[in-house]
Amino acid sequence: MSEVLKNYDLEELKKLDNDHHMHPFTDYKGLEGEGGSRVIVRGEGCYLYDAEGHKILDGMSGLWCTNVGYGRKELAEAAYEQLLELPYYNTFFKTTTPPAAKLAAKVASLLPDNMNHVFFSGSGSEANDTNLRLARHFWQLEGKPNKKIIISRENAYHGSTIAGASLGGMSAMHKQAGLEIPGIEHVMQPYWFGEGGDMTPDEFGIYAARKVEEKILEVGADNVAAFIGEPVQGAGGVIIPPKTYWAEINRICEQYDILLICDEVICGFGRTGNWFGHQTLGIKPDIVTMAKGLSSGYLPISASGVGDRVYNTLYEKGGEFFHGYTYSGHPAAAAVALRNIEIIEREGLVEKVRNETGPYLAQKIKELDDHPIVGETRTLGLLAAIEITNDKAKRTRFEPAGKAGTICRDEFFKRNTVMRACGDVMVTAPPLTIEKSQIDDLINTARECLDATAKELGVI
Ligand SMILES: *Cc1c(COP(=O)(O)O)cnc(C)c1O
């Protein structure tokens, strides 16, 4: 990091950033008031380093994406070699490139047997735009042009483009641009801790799934193209549905002939202890959204897995599909994604999460259940959440909502550890390479931060 300090004056850099850089999901005046951005200069394994030399344990894998951790030389080399050989060529002109073709085949081999094709985009949001177009186009070709509505869930996250934000269920996002676009409906999320009332989790899982059925009956199955859902909602607060939920969703989608889109942008590539969340949770998707862990975030790339039913209709009846992006199948990004998958396989990271670190995180985080302000902890693989509550039995929040989460997140920040607050839920999704001793560090820090938060809230 001394390199950076040699090349830049840190205060100058922070001023440039403040004066010219509009950050995503940021309150600009607020950021300035807090003294501007923290400058991150290097990453190695599960750790980040900032310009002041702090070593930071990254419990969020960047933004849920650096599955193989930081500092992978061979990913840099894969990009370098491809950039020298062929930095760019498109896949529109009846052309392809070796990395794009190989990556499509590799990803298809990891997906269910009845899913054999892949469409590339540049980000998770773009992939979900693609999926919306695919689903509606499919039904048009099937002679059912009225099947246009996509059903999603409140508090879902599907990206930040117009279609992505509309598909998502974040009301704050909807308010800022007159969203959602027509033809998208939201139903209850399967969030037992927050919305399950007196029901058992299993009862509530059925109840929440039936909200999808009620919506289908309300708008008419002849008008519904697809249901979209994250296997586990990530940005919404690591919401792991009750066991009964997805089986009922499978039944409903089948019964009413509705496509099922699984947004695996976070759950994909090992996060839940299988290659995909739909394998862990028994979901039967027609279309799968992938991004983030596909390249471990080293370069931007995303993909839609397209099941045979949808693909065959486009193939037989579709003619030209008028859709694509300049960077669809970008050769350098595809080369990095291929090598990233190779690393996950070679190092057995999926099995490591399933058999070793996932169960270990589950066991360690349970130790926090007795904390006075913890209402619930939950994990699936290397996704975990800690619910902050002011009443364990009633599962209610401190007022105002979000304050406790913000305090707790800032406490993590002070201790050079990253956990994110989704409202009053603390979430973590560390790199799949994390070791047990680092999980110990993460959970020990969490206890300290919860203590400090409780103290600040006047509880202990
Ligand atoms: C991050 C995310 C997206 C959006 O991906 P971008 O690359 O930021 O556009 C979509 N779906 C889910 C589930 C995500 O977590």
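The values are calculated or read from the model by the stated rules, or taken from the named source; none is laboratory data. Note that this is a predicted model, so its numbers are computed, not measured. Here the Cβ positions follow ideal geometry from the backbone for every residue, glycine too, while neighbour counts run over all protein chains shown. Keep in mind that these areas ignore ligands, DNA and RNA; they rest on the heavy atoms of the full protein, side chains included. Shrake-Rupley method; radii C 1.70, N 1.55, O 1.52, S 1.80 Å.
Data table
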{"item": "Condition met for GLU320 (part of a helix (DSSP H, G or I) and either within 16 Å of the ligand (Cβ to nearest atom) or open to solvent by 20 Å² or more (accessible area, probe 1.4 Å) (or both))", "result": "no"}
{"item": "From the options SER296, SER328, residue that is over 30 Å from LYS144 (Cα atoms), in a loop (DSSP other than H, G, I, E, B), open to solvent by less than 50 Å² (accessible area, probe 1.4 Å) and not assigned by TED's automatic domain parsing to the domain that holds VAL427", "result": "SER296"}
{"item": "Residue check, ALA100 open to solvent by less than 20 Å² (accessible area, probe 1.4 Å) and away from the ligand (no atom under 16 Å from the Cβ)", "result": "yes"}
{"item": "Residue among ARG346, ARG415, ARG447, ARG395 that is open to solvent by 30 Å² or more (accessible area, probe 1.4 Å) and in contact with a Cys (Cβ under 9 Å, 6 or more places away or on another chain)", "result": "ARG415"}
{"item": "Residue in the stretch 80-87 that is surrounded by 13 or more Cβ atoms within 10 Å (Cβ to Cβ) and under 27 Å from the mean Cα position of the chain (by Cα) present", "result": "no"}
{"item": "Evaluation of GLY33 against (1) touching a residue at least 12 places away in the same chain (Cβ under 8 Å); (2) over 25 Å from ALA384 (Cα atoms); (3) of a type outside the set (A, V, I, L, M) (one fails), failing number", "result": "(1)"}
{"item": "Qualifying residue in the stretch 385-401 (condition: in contact with a Pro (Cβ under 9 Å, 6 or more places away or on another chain) and under 30 Å from LEU103 (Cα atoms))", "result": "no"}
{"item": "Of residues in the stretch 216-246 being more than 16 Å from the ligand (Cβ to nearest atom) and within 20 Å of LYS284 (Cα to Cα), the one surrounded by the most Cβ atoms within 10 Å (Cβ to Cβ)", "result": "VAL224"}
{"item": "Verdict on LEU103 being part of a helix (DSSP H, G or I), within 25 Å of the chain's Cα centre (by Cα), not charged (D, E, K, R) and not assigned by TED's automatic domain parsing to the domain that holds TYR325", "result": "no"}
{"item": "Number of the exception - GLU32 against (1) more than 22 Å from the chain's Cα centre (by Cα); (2) outside any helix (DSSP H, G or I)", "result": "(2)"}
{"item": "Qualifying residues in the stretch 249-301 (those that are more than 14 Å from the ligand (Cβ to nearest atom) and basic (Lys, Arg)) - the one farthest from LYS211 (Cα to Cα)", "result": "LYS284"}
{"item": "Test for PRO112: is it farther than 18 Å from GLY324 by Cβ, out of contact with any strand residue (DSSP E or B) (no Cβ under 8 Å at 6 or more places or on another chain) and open to solvent by 20 Å² or more (accessible area, probe 1.4 Å)", "result": "no"}
{"item": "Any hit, the stretch 47-61, residues being open to solvent by less than 50 Å² (accessible area, probe 1.4 Å), more than 21 Å from ILE266 (Cβ to Cβ) and either in contact with a His (Cβ under 9 Å, 6 or more places away or on another chain) or assigned to a loop (DSSP other than H, G, I, E, B) (or both)", "result": "yes"}
{"item": "Evaluation of THR91 against (1) in a helix (DSSP H, G or I); (2) crowded, with 17+ Cβ neighbours inside 10 Å (one fails), failing number", "result": "(1)"}
